[in-house]
Structure formats: C-alpha cells, structure tokens
C-alpha cells in the first residue's frame, strides 16, 4: 500500500494475516531494517470458510501495541484507518 501527501510517499507493508507473535515481529523487524515505518497486519481476517470470521483478534492487538512501543513503527489494520491511536474502540495506544 502506498500513502502520499505533497512531500512524501509512504510504503505500508506487512502480513495479510497475522498468524503468531513471532511472525509479526520478524516481519516488523525486517521491514524496519529496510526503512519501512508503517506495519500493516490483519488480525481479524476472513478465511476460506464462508460466513466464518477468524484471526488472532484481541491477542493481536497486544502484539501490535508492542510493535508500536518497542519498534516505534506506525500500525495499520486492514479494514480500519491508518492510525496512531484507536485501533479498537476499547483499546487505545500510541508510541
């Protein structure tokens, strides 16, 4: 995903579906190493079964919060706006 304004283009990258904390952090560290500052990660993700919604859900929010805090990266969740703040109405955090 590319975001842009008058001065810059920002690349947003990450796993389509966050499967584990280890996978998320390996991806985040690799992206940060090459200069990408915004991680996207699907934590609520529809799977191949119709009408069944899966994903790591709220545990993924805690992992993404750690990415914000430990790696100082912005975080985006597919289906929600890019933010530093309210990822979930009841769970708000920023670096």
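The values are calculated or read from the model by the stated rules, or taken from the named source; none is laboratory data. All of these numbers come straight from a predicted model, not from anything done at the bench. Backbone-built Cβ (ideal geometry, glycine too); neighbour counts: all protein chains shown.
For this structure, a couple of remarks:
- Region 6-23 residues that are under 12 Å from residue 37 (Cβ atoms), paired with ones that are in a loop (DSSP other than H, G, I, E, B) and modelled with pLDDT of 85 or more (beta carbon under 8 Å, 6 or more apart): 10/37; 11/36; 12/36; 13/36; 14/41
- If you go through region 39-52 and pick out every residue that is farther than 13 Å from residue 65 by Cα and modelled with pLDDT of 65 or more, you end up with 2.
- Complete set of residues in region 9-28 that are modelled with pLDDT of 90 or more and over 16 Å from residue 74 (Cβ atoms): 20, 21, 22, 23, 26
- Residue check for residue 59: modelled with pLDDT of 60 or more and in a helix (DSSP H, G or I): yes
- Any chance residue 70 is exposed (fewer than 12 other Cβ atoms within 10 Å of the Cβ), modelled with pLDDT of 85 or more and not in a loop (DSSP other than H, G, I, E, B): no
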